[in-house]
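The next block holds one structure in the form of structure tokens; read it before the comments.
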Amino acid sequence: MDRREIAALLTYIGRLDPRTTRTDEGDAREQLAQWHHLLADVPMATPHGWDALAVARHHYRTSPYQILPADVGRPWESYRRERLARHSDPTPLADPDDQAAYTAELVDTRRAVAAGAAQPARALAITSANEEMDPALKARLKAIGSCIPPAAREALAPYRPARAAREAAVAQGMPDALSVRCEWCLAQPGESCRRRRIGPDGVARGTAICATHPSRLDLAAAQQAQLAVQTQQPVPA
């Protein structure tokens, strides 16, 4: 705030609390200089939620004490911290190889957010299944059948042989054992079966991944057969 804005703020505060009004010209000049020195970097108002007059009004609604410059400066610092905490740096438009321009754009964006001149940029989150998928992405997923392209899946196969064998079996029409809960080791759908390690006292000491239990394969096959029967049944009129 410049000196004129500080004078307007003090005039407004004087209407709320006559105790702060200085009748002597020298005292009024000293008060104006003090407030300007302490609040020169605090704006009167910003386009996004900050208003020094509202801060003064809130102070007198919640406190019986005279307002001080710190009662305006402290909320301003909290306002800045809160906005920066919600800000996620967007990718600058500057060339990443130009480090000076790239850094300067990041700094300018943060300063604008902290000063209330721009809204914080939110980090993009993974969309949930309930949200509508982009039509172009939906068409591509339908074309390739998975979010992992076939070429990448083939390149990863040597590094995850168990998953590759499972995917090959499913592609041949065999049941997917991991699609059901294992009744033997209680592994949830999508989790591999586990073997319990039993100590000499008969208490389980831990678990380790093992081959899929036969009962789980049987359960998956039964579920697959049941779904096949249901899809073949005629729909009642």
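The values are calculated or read from the model by the stated rules, or taken from the named source; none is laboratory data. Nothing here was measured: the structure is a model prediction, and the numbers come from that model. Please note: Cβ atoms are built from the backbone with ideal geometry, for glycine as well, and neighbour counts cover all protein chains shown.
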- Scanning the range 52-109 for residues that are of a type in the set (Asp, Glu) and touching a residue at least 12 places away in the same chain (Cβ under 8 Å), which turns out surrounded by the fewest Cβ atoms within 10 Å (Cβ to Cβ)? Asp89
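Answer yes or no as to whether Asp71 is over 39 Å from the mean Cα position of the chain (by Cα), over 20 Å from Gln119 (Cβ atoms) and acidic (Asp, Glu).
On the way: over 39 Å from the mean Cα position of the chain (by Cα): no; over 20 Å from Gln119 (Cβ atoms): yes; acidic (Asp, Glu): yes.
The answer is no for Asp71.
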- Query: Considering only residues of the range 161-203 that are of a type in the set (S, T, N, Q) and in contact (Cβ under 8 Å) with a residue 24 or more places away in the chain, which is surrounded by the fewest Cβ atoms within 10 Å (Cβ to Cβ)?
  - Reply: Ser179
- Only one residue in Ala100, Ala104, Ala112, Ala54 is within 19 Å of His36 (Cα to Cα), assigned to a helix (DSSP H, G or I) and out of contact with any helix residue (DSSP H, G or I) (no Cβ under 9 Å at 6 or more places or on another chain), so which one is that? Ala54
- Number of the exception - Gly49 against (1) in contact with a Phe, Trp or Tyr (Cβ under 8 Å, 6 or more places away or on another chain); (2) part of a helix (DSSP H, G or I); (3) in contact (Cβ under 8 Å) with a residue 40 or more places away in the chain: (2)
- Ala118 fails exactly one of (1) in a loop (DSSP other than H, G, I, E, B); (2) surrounded by 16 or more Cβ atoms within 10 Å (Cβ to Cβ); (3) in contact with an Asp or Glu (Cβ under 9 Å, 6 or more places away or on another chain), namely (3)
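Report yes if Pro158 is exposed (fewer than 11 other Cβ atoms within 10 Å of the Cβ) and modelled with pLDDT of 85 or more, otherwise no.
So Pro158 fits the description; yes.
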